[in-house]
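Worksheet: one structure, shown below.
The values are calculated or read from the model by the stated rules, or taken from the named source; none is laboratory data. The shown structure was predicted, so the numbers you read here are calculated from the model rather than taken from an experiment. Here the Cβ is made from the backbone with ideal geometry for all residues, glycine too, and neighbour counts use every protein chain on show. Protein only, heavy atoms only, side chains kept; ligands, DNA and RNA dropped before computing areas. Shrake-Rupley method; radii C 1.70, N 1.55, O 1.52, S 1.80 Å.
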Amino acid sequence: MKKLATYSFVLLLILGWSCNQIPEKDSEAVIASSETVEEFNDIERLEPPNWWIGFKNQKLQLMVKHDGIGNYSPRIDYNGVSIEKINKADSPNYLFIDVDIDETATAGAFNIVFENDKGDLLRQTYRLQQRVKSAKDFIGFNSSDVMYLITPDRFANANPENDRVEGLRETAVDRTNDYARHGGDIEGITQHLDYIKDMGFTAIWPGPLLTNDMPQASYHGYAMTDFYEVDPRFGTLEEYINLSKEAQKRGIKLVMDQVANHCGSYHWWMEDLPFKDWLNFQKEYLDGEKLITSNHRRTVNQDSYAAEADRALMSKGWFVSSMPDLNQQNPFLATYLIQNSIWWVETLELGGIRQDTYPYPDKNFMSNWAGAIMKEYPNFNIVGEEWSNNPLLIAYWQQGANNKDGYESNLKSTMDFAMKDHLVAGITEPETWGTGLVKIYDGLSNDFHYPSPENLLVFPDNHDMDRVFTQFDENITHTKMTLSFMLMLPRTPQIYYGTEILMQNTAKPGDHGLIRTDFPGGWQGDAVNAITGEGLSAEALDMQEYLKKLLNYRKLSKAIHEGKTIHFAPENNIYVLFRILDAEIVMHILNKNDTPINLDLERFKELGLEGKRFRNIIEGYSVEWKDTIELNKKGSYIFSTRL
């Protein structure tokens, strides 16, 4: 199939092509210019679907999928672009073409011509684009940010027309079923960006938005069936790009949830795998044998005593039976995954990546993956999910760790599950020598082991665990104490959507469907609307306002972003932490006393605060630093010299 094509407005928006003129040549494999390109689309699938000039790594590997393409030889005649090597796969329906794009290449379109021994021709138009901004301007999330985690299907439904898409396996939409699709979409997030900004969030992390064409529970997105396609039930690539652009206008970074460990069992390539080792335990799968799943013993990555059998089963076993485990030791798959991540960073102008199930893939590949991205985008950030409450394991994955085995992850940020557990224990346990607030104090003292604790992502809950309000048995004071203290730490905080209005899953602890419940007001006709406040309880409105004050203070606080941290050991059921930078001093007090108490300030004299005035950033009143501060109720007290 061929057609005369021009760059339409939509394609310009989606792909950001450069319309530089390309010198005309005689060869049919060259396009005269972007205005007169004769476009060919003979090939079933070619990925990445486009690329850019100006990367540090000038190598590009194209995966070509087409019936019998292994019997064809490709050629490219375009200035600055050359084929270095043609790689055949085990399947005759794939080619992997190694391409070099040197510094003389310009943005434009050209045809790749495929020819077999019979002289049959196939042509595919390919485009190189001008990068929309310099590599250094891709600024990743950092400790100045607070990230808002969203489950897209459950946040807001702006376009009911895309709820059901013909041809996909799961078409039912049922808001009464916690594991069905509910209809939330990309445009729903975009329409609520002003709310997110006004609350004080500076980054959003939507769950996966790529096609998940699984027959059931596809709403969560983690079993992707196409790594280059936006799930049409969430919207379009154009809408995804628009979400990023609209977020940027509001000072909000977009963090993409990616999965390198596995795909969904209905991924398009499962019908015709390129190589015999594209998957782990691929033979067993193809032979219809019992699927081998991971032992989930993630410590084998660090354990010098671990058996090789345990290491292999951990990394190569399938995460669950519906998620085939990708074999990143296959060099073509490894390159495919790296290029896919870079393609999304560039296409969406991302402000970060969250990588799912980080310890599960081949760890040497993960080092190369993160290193390749950070080489191209030196100011970017990636956070990896290591679900462990052991700081030794969390620190192992952070860039700069002094690992005994010499492993360097190239990963700037990891998820601080340990601090999450310390916060819950510290708030709920009775105060003894070894329990209660000392758990938080001791937990924070582990920061000496982290290469950069401020880059850890800290959170009270997420989409995979009980909501924080449920964890605290719906105790509002305890919930506020945890959130406020977390927001003062030398960390990058993340808060799950709905936390600000006390969403909970108390009726079914541990139930993922209920944890990921609908955000009220995200659907037309909702009786309760968290955006306008209509129908919210007094307690929910109070929490919303509480978090809004905290987040908007934190947004402008250099002391919290990058200041020195000093904390004093818990005493008399009180734990005090300071963040200090120049003239700005923030003091956070966790008070577990049920009756009023005066906090003796003599203990903090090393800080030289005598005579300074502090404002309570929640309640607004001011105090002068003298002898004592009255704490008239249990809870958090946050004071600042920034009046």
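Tally up the residues in the stretch 288-302 that are closer than 11 Å to D325 by Cβ and either open to solvent by less than 50 Å² (accessible area, probe 1.4 Å) or part of a strand (DSSP E or B) (or both), please. Reasoning before the result, please.
First pass over the stretch 288-302, keeping only residues closer than 11 Å to D325 by Cβ: 291-294.
Cutting the leftovers down to either open to solvent by less than 50 Å² (accessible area, probe 1.4 Å) or part of a strand (DSSP E or B) (or both) gives us 293-294.
Adding up the residues that qualify gives 2.
If you check Y305, Y360, Y285, Y377, which single one turns out to be hydroxyl-bearing (S, T, Y) and either under 23 Å from V230 (Cα atoms) or open to solvent by less than 10 Å² (accessible area, probe 1.4 Å) (or both)?
Only one candidate qualifies: Y377.
Could you tell me whether G436 is of a type in the set (G, A, S), farther than 25 Å from S537 by Cβ, touching an Asp or Glu at 6+ places or on another chain (Cβ under 7 Å) and touching a residue at least 12 places away in the same chain (Cβ under 8 Å)?
yes
Within the stretch 363-379, track down each residue that is under 17 Å from E346 (Cβ atoms) and either touching a Leu at 6+ places or on another chain (Cβ under 8 Å) or modelled with pLDDT under 95 (or both).
Residues satisfying the conditions are W369, A370.
Quick check on the stretch 257-285: of everything there that is in a helix (DSSP H, G or I) and touching a residue at least 12 places away in the same chain (Cβ under 8 Å), which residue is farthest from K316 (Cα to Cα)?
W268
Examine the stretch 171-179 for a residue that is part of a strand (DSSP E or B), out of contact with any Cys (no Cβ under 7 Å at 6 or more places or on another chain) and buried (at least 22 other Cβ atoms within 10 Å of the Cβ), and state whether such a residue exists.
No, the stretch 171-179 contains no residue that is part of a strand (DSSP E or B), out of contact with any Cys (no Cβ under 7 Å at 6 or more places or on another chain) and buried (at least 22 other Cβ atoms within 10 Å of the Cβ).
E545 is checked against (1) part of a helix (DSSP H, G or I); (2) over 30 Å from Y441 (Cβ atoms); (3) open to solvent by 60 Å² or more (accessible area, probe 1.4 Å) and fails just one. What number does that condition carry?
Condition not satisfied by E545: (2).
Of the residues in the stretch 180-198, how many are without any contact (Cβ under 8 Å) to a residue 60 or more places away in the chain and assigned to a loop (DSSP other than H, G, I, E, B)?
Here the count works out to 2.
Of the conditions (1) surrounded by fewer than 19 Cβ atoms within 10 Å (Cβ to Cβ); (2) of a type outside the set (A, V, I, L, M); (3) more than 33 Å from the chain's Cα centre (by Cα), K592 satisfies every one except a single condition; which number is it?
Tallying (1) surrounded by fewer than 19 Cβ atoms within 10 Å (Cβ to Cβ); (2) of a type outside the set (A, V, I, L, M); (3) more than 33 Å from the chain's Cα centre (by Cα), K592 fails exactly one: (1).
If you check N261, N327, which single one turns out to be within 30 Å of N142 (Cβ to Cβ) and in contact with an Asp or Glu (Cβ under 8 Å, 6 or more places away or on another chain)?
After applying the criteria, what remains is N261.
Which of the residues belonging to the stretch 497-529 are open to solvent by 30 Å² or more (accessible area, probe 1.4 Å), aliphatic (A, V, I, L, M) and assigned to a helix (DSSP H, G or I)?
The answer is L514, and nothing else.
Report, by residue number, each residue of the stretch 199-232 that is open to solvent by 10 Å² or more (accessible area, probe 1.4 Å) and acidic (D, E).
Listed by number, the residues that qualify are D213, D226, E229.
So D185 passes all but one of these: (1) open to solvent by 10 Å² or more (accessible area, probe 1.4 Å); (2) among the charged types (D, E, K, R); (3) closer than 25 Å to Y497 by Cβ. Which condition number does it fail?
The one condition D185 does not meet is (1).
From D213, D174, D185, grab the single residue that is more than 26 Å from K508 (Cβ to Cβ) and at pLDDT 95 or above. Let's see the steps before the verdict.
Details: D174 fails: more than 26 Å from K508 (Cβ to Cβ); D185 fails: more than 26 Å from K508 (Cβ to Cβ).
Going through D213, D174, D185 in turn, just one is more than 26 Å from K508 (Cβ to Cβ) and at pLDDT 95 or above: D213.
So, restricting to helices (runs of 4 or more DSSP H) that lie completely within the stretch 337-453, which ones have at least 3 residues that are over 25 Å from V255 (Cα atoms)? So that I can check it myself, show each step before the final result.
On the way: elements: 363-376, 391-396, 417-428, 437-445.
Correct list: 417-428, 437-445.
Can you list the strands (runs of 3 or more DSSP E) found entirely within the stretch 43-161 that contain at least 1 residues being of a type outside the set (V, I, T), more than 27 Å from P206 (Cα to Cα) and open to solvent by 10 Å² or more (accessible area, probe 1.4 Å)?
45-47, 59-65, 72-75, 81-88, 94-101, 108-116, 121-129
Quick check on the stretch 599-616: of everything there that is in contact with a Phe, Trp or Tyr (Cβ under 8 Å, 6 or more places away or on another chain) and open to solvent by 10 Å² or more (accessible area, probe 1.4 Å), which residue is nearest to Y546 (Cα to Cα)? Step through it out loud before you land on a result.
Residues of the stretch 599-616 that are in contact with a Phe, Trp or Tyr (Cβ under 8 Å, 6 or more places away or on another chain), as a first pass: 601, 603-604, 607, 609-616.
So of that shortlist, the ones also open to solvent by 10 Å² or more (accessible area, probe 1.4 Å) come out as 603, 607, 610-613, 615.
Details: R603: 29, L607: 28, E610: 29, G611: 28, K612: 25, R613: 22, R615: 15 Å.
So, considering only residues that are in contact with a Phe, Trp or Tyr (Cβ under 8 Å, 6 or more places away or on another chain) and open to solvent by 10 Å² or more (accessible area, probe 1.4 Å), the one nearest to Y546 (Cα to Cα) is R615.
Kindly indicate whether any position in the stretch 338-349 is out of contact with any His (no Cβ under 8 Å at 6 or more places or on another chain), open to solvent by 40 Å² or more (accessible area, probe 1.4 Å) and free of Cβ contacts under 8 Å to residues at least 60 places away in the same chain.
The initial filter retains those residues of the stretch 338-349 that are out of contact with any His (no Cβ under 8 Å at 6 or more places or on another chain), namely 338-349.
Checking the rest, the ones that are also open to solvent by 40 Å² or more (accessible area, probe 1.4 Å) come to none.
The answer is no, given that none of the residues of the stretch 338-349 is out of contact with any His (no Cβ under 8 Å at 6 or more places or on another chain), open to solvent by 40 Å² or more (accessible area, probe 1.4 Å) and free of Cβ contacts under 8 Å to residues at least 60 places away in the same chain.
Hey, any hits in the stretch 406-418 for a residue that's hydroxyl-bearing (S, T, Y), under 28 Å from V576 (Cβ atoms) and open to solvent by less than 40 Å² (accessible area, probe 1.4 Å)? Show your work before the answer.
Step one: list which residues in the stretch 406-418 are hydroxyl-bearing (S, T, Y), which gives 407, 409, 413-414.
Restricting the remaining residues to those that are under 28 Å from V576 (Cβ atoms) gives 413-414.
From what's left, open to solvent by less than 40 Å² (accessible area, probe 1.4 Å): 413-414.
Yes.
Does at least one position in the stretch 309-332 carry a residue that is assigned to a loop (DSSP other than H, G, I, E, B), among the acidic types (D, E) and out of contact with any strand residue (DSSP E or B) (no Cβ under 6 Å at 6 or more places or on another chain)? Lay out the reasoning, then the answer.
To start, the set of residues in the stretch 309-332 that are assigned to a loop (DSSP other than H, G, I, E, B) comprises 317, 319-324, 327-330.
The next check asks that each one be among the acidic types (D, E); those that pass are none.
Among the residues of the stretch 309-332, not one is assigned to a loop (DSSP other than H, G, I, E, B), among the acidic types (D, E) and out of contact with any strand residue (DSSP E or B) (no Cβ under 6 Å at 6 or more places or on another chain), which makes the answer no.
Any idea how many residues of the stretch 455-496 are of a type outside the set (V, I, T), open to solvent by less than 10 Å² (accessible area, probe 1.4 Å), touching a Pro at 6+ places or on another chain (Cβ under 8 Å) and part of a helix (DSSP H, G or I)?
Total satisfying the criteria: 3.
Can you pull out every residue in the stretch 530-542 that is open to solvent by less than 40 Å² (accessible area, probe 1.4 Å) and either on the phi > 0 side of the Ramachandran plot or outside any helix (DSSP H, G or I) (or both)?
Scanning the stretch 530-542 gives A530, G533, L536.
So the check is Cβ under 7 Å with 6+ separation or different chains; which pairs have a first residue in the stretch 223-252 that's assigned to a loop (DSSP other than H, G, I, E, B) and a second one that's open to solvent by 40 Å² or more (accessible area, probe 1.4 Å) and hydrophobic (A, V, I, L, M, F, W, C)?
Every condition considered, the pairs that remain are T225/W268; D226/W268.
In the stretch 419-439, what residues are open to solvent by 10 Å² or more (accessible area, probe 1.4 Å), farther than 30 Å from S367 by Cβ and in contact with a strand residue (DSSP E or B) (Cβ under 8 Å, 6 or more places away or on another chain)?
E431, V438 - these are the residues of the stretch 419-439 that are open to solvent by 10 Å² or more (accessible area, probe 1.4 Å), farther than 30 Å from S367 by Cβ and in contact with a strand residue (DSSP E or B) (Cβ under 8 Å, 6 or more places away or on another chain).
Can E562 be described as under 22 Å from N446 (Cβ atoms), within 30 Å of the chain's Cα centre (by Cα) and surrounded by fewer than 20 Cβ atoms within 10 Å (Cβ to Cβ)?
yes
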